[in-house]
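Asks: Supplied in structure tokens, the structure appears directly below.
Computed from the coordinates by the stated procedures, all read-outs in this text should not be read as laboratory data. Quick caveat, the model's predicted, so the values are computed rather than measured. All Cβ positions, even for glycine, are placed from backbone atoms using ideal geometry, and neighbour counts span all protein chains on display.
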Amino acid sequence: MLSRSQAKGFFLVGTFLATSTFLVLTAHSFAAMPALTNSDKLTDQVKHGKELWDDSNCMGCHTLLGEGGYYAPELTRVYERRGRTFIRAMLVNPEAMYPGQRRMQKYSFTDEEIDALIAFFEWIGNMNLNGFPPEPTLLPVATAGTTTIVKQVNRPKVFNQMCIACHSLEGQGGVVGPKLDGVGSRMTMTQIEVWLKDPSKVKPGTAMPNLGLTEEATRELAAYLSTLTTGHSAPVTPALKQP
């Protein structure tokens, strides 16, 4: 049993060590913060995006960096998960992206404001958050009833970021638009390319919005979709076992 003086000494030494450790770790965190958050890339455009995020009360529905609402999707890695084109289309007209399903308010942002929000999401996504949140998985295709995962290696990034949000392929994806299995048997690459450039021109009244894809992205996506013939999927890698 400690004497009164020994207990007092133990308390004072323990308090000093704990306080010193806390201060050292705090100083280290503040010193490392600029590099972890890429503060050198904190442009006026990014700051404007942050102001729009706050003024529009986006955090009332969405979560960012672990804080916010849980009504709508988490957005810390949204730039990596969905990409610039999807984010822009969603901000321009949420209802067109998910007809009759999404309840996101249309804020009527200007092009400049949309660019600022996209820059803000890109900056947030490039932060070093020590693994938080987990890196987004862009559409792994799991074999039902097993632990096998097959990853499509030649799917354009825009397909995983945008198309799969509304359409399904091999049983995975959205339910808003038609399934894409066998689309290459129904349409030629040229027809697909024309459709992607302006869906409403090909089919007036269609629910599919104009995604605003670049020429390069349009050609790449059309080339991929034309390979999806009936009964044949695009080439895949050998099955990988989950650990």
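Asks: On C-alpha positions alone, give me the angle between the axis of helix 111-125 and the longest principal axis of the chain, in degrees, nearest 10.
Replies: Approximately 50 degrees, to the nearest ten.
Asks: Another question about this same structure. Taking other Cβ within 10 Å of each residue's Cβ, how do Glu51, Glu74 sort, fewest first? Please list the in-between numbers first.
Replies: On the way: Glu51 14, Glu74 17.
Result, fewest neighbours first: Glu51, Glu74.
Asks: Same structure, new question: Under a Cβ-only charge scheme (Lys and Arg +1, Asp and Glu -1), can you give me the dipole magnitude of segment 40-125 about the Cα centre, in debye to the nearest 20? The partial results should precede the final answer.
Replies: Values: 11 positive and 14 negative charges, 89 e Å.
Magnitude of the dipole: close to 420 debye.
Asks: To the nearest 10 degrees, how steep is helix 215-225 against the longest Cα principal axis of the chain, on a 0 to 90 scale?
Replies: 70 degrees
Asks: Multiplying the sequence separation of Gln101 and Met33 by 0.36 nm and subtracting their Cα-Cα distance, what value in nm do you get? Don't jump to the answer; show the numbers that get you there.
Replies: Working: separation 68, 0.36 × 68 = 24.48 nm, distance 3.95 nm.
Taking 0.36 nm per residue and subtracting the Cα distance, the gain is 20.5 nm.
Asks: Using only Cα atoms and rounding to the nearest 10 degrees, what angle (0 to 90) does helix 78-92 make with the longest principal axis of the chain?
Replies: 60 degrees
Asks: Please list, short to long, the whole-number percent of alpha-carbon pairs of segment 40-125 in consecutive 5 angstrom bins beginning at zero.
Replies: 3, 15, 24, 31, 20, 5, 1, 0, 0
Asks: Then there's this: Per residue of the chain, what 222 nm ellipticity follows from adding -39500 (n - 2.57) for every DSSP H run with n ≥ 4, rounded to the nearest 500?
Replies: Details: 9 runs with 108 residues, N = 243.
Helix-only estimate at 222 nm: -14000 deg cm²/dmol.
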